[in-house]
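Report on the structure given below.
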Ligand SMILES: [Zn+2]
């Protein structure tokens, strides 16, 4: 086999040749030369078992730096159990970030592995990059054994977390955490640094926690605080400061609903039903790490929870008080915008079809403007506390019976 990097003939094209010849791993080589891994891989490397005994013993007392990095990864759910091992998964696009972790996590006994698996369902060879350590090692260096030393640096742990799982949407930072406890620590510690987060009920798992910076200035403040740490982590900053092409992505959703229009002079005042078609459009730059503007799965999850579940197979007038008076497509668009903007700050347009011939397009306030102005008064007429405060109601109010006092005649 000829190596396409150095041109030399090799018996096996593997990491021991490639890392010496061009510093690429086999998976990177396959992608660069657009070759299927199946053709390159030596059968012996497939589904190889890993032996915990091959791992070096951990240090009894990992450094403060190592512990801060370990904690950041733990918060992000990146320390995962797999058989007798704990792994930190990596992405081939950010291999150097994984290796940056390794230089510190080696204190815990972690090693790098690029493993090749034959995927039964798809008949493909897939490669996974991860750091691995025998799970038993971590018990040895658990924080309980380290109680006399100071707690790890919060800002470094936060930088590690943000570098790995932070996503920027229209200037707001999103963190999808696997558990509530970590989220509460992060919110409390960040608050002490003057940064506020908001919890959004759209986590990707039932016990997970989705956090978003409250405002864009919280994002800027947070990134400024951890910038020096982020700059030290390979590939971390590009996600937050790199200019990439902007585009609009759109998700189409459908719901069936009935409605009527109060006080409508014609047949729309009758209860009638139809199939609504909604296009949710989000505009942002392409995230250089995911190659996407926004994850379609997230967009769909948010739209389902906030809109579809509420309206599908319902009478719109009885689904929410904001629409009880008039559930016109226009009012519905304003309502849907307010349901989504906190979750999708890159939202630029909603397109809602009531029939194939009748639809409306709406671009509402940005999240920043919405945070200042609150819900549109158009929706709030009937929920406004001042409703009914008019003096004119006296004209139609029944007078209470007056109590007649009859003076008792003197004896
Ligand atoms: Zn070579």
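The values are calculated or read from the model by the stated rules, or taken from the named source; none is laboratory data. Treat the numbers as computed from the prediction; the structure is a model and nothing was measured. Positions of Cβ are backbone-derived with ideal geometry, glycine not excepted, and every protein chain shown enters the neighbour counts.
Of the residues that make up the range 112-125, is at least one under 30 Å from residue 184 (Cα atoms) and surrounded by fewer than 19 Cβ atoms within 10 Å (Cβ to Cβ)?
no
Filter the range 232-273 down to the residues that are surrounded by fewer than 17 Cβ atoms within 10 Å (Cβ to Cβ) and on the phi > 0 side of the Ramachandran plot and list them by number.
Within the range 232-273, 263 is the sole residue that qualifies.
Name the single residue, out of those in the range 128-152 being at pLDDT 90 or above and surrounded by 17 or more Cβ atoms within 10 Å (Cβ to Cβ), that is farthest from residue 233 (Cα to Cα).
Per the criteria, the residue is 134.
Determine if the range 349-363 includes at least one residue that is modelled with pLDDT under 95 and outside any strand (DSSP E or B).
yes
Would you mind listing the helices (runs of 4 or more DSSP H) fully within the range 1-89 where at least 3 residues are within 16 Å of the ligand (Cβ to nearest atom) and surrounded by 18 or more Cβ atoms within 10 Å (Cβ to Cβ)?
Those helices (runs of 4 or more DSSP H) span 26-32.
Does the range 380-401 contain any residue that is touching a helix residue (DSSP H, G or I) at 6+ places or on another chain (Cβ under 7 Å) and under 22 Å from residue 282 (Cα atoms)?
No: the range 380-401 contains no residue that is touching a helix residue (DSSP H, G or I) at 6+ places or on another chain (Cβ under 7 Å) and under 22 Å from residue 282 (Cα atoms).
Residue 307 fails exactly one of the following numbered conditions: (1) in the same structural domain as residue 333 (by TED's automatic domain parsing); (2) over 25 Å from residue 335 (Cβ atoms). What is the number of that condition?
(2)
Only one of (1) closer than 21 Å to residue 116 by Cα; (2) in the same structural domain as residue 159 (by TED's automatic domain parsing) fails for residue 69. Which number is that?
Answer for residue 69: the failing condition is (1).
Starting from residues that are touching a residue at least 60 places away in the same chain (Cβ under 8 Å) and part of a loop (DSSP other than H, G, I, E, B), keep the ones in the range 181-207 and report whichever is surrounded by the fewest Cβ atoms within 10 Å (Cβ to Cβ).
201
Could you tell me whether any residue of the range 253-276 is outside the structural domain of residue 170 (by TED's automatic domain parsing), within 19 Å of the chain's Cα centre (by Cα) and outside any loop (DSSP other than H, G, I, E, B)?
Checking the range 253-276: not a single residue is outside the structural domain of residue 170 (by TED's automatic domain parsing), within 19 Å of the chain's Cα centre (by Cα) and outside any loop (DSSP other than H, G, I, E, B).
Anything in the range 1-41 that is in contact with a strand residue (DSSP E or B) (Cβ under 6 Å, 6 or more places away or on another chain) and free of Cβ contacts under 8 Å to residues at least 40 places away in the same chain? List them, or say none.
Hits for the range 1-41 are 2, 9.
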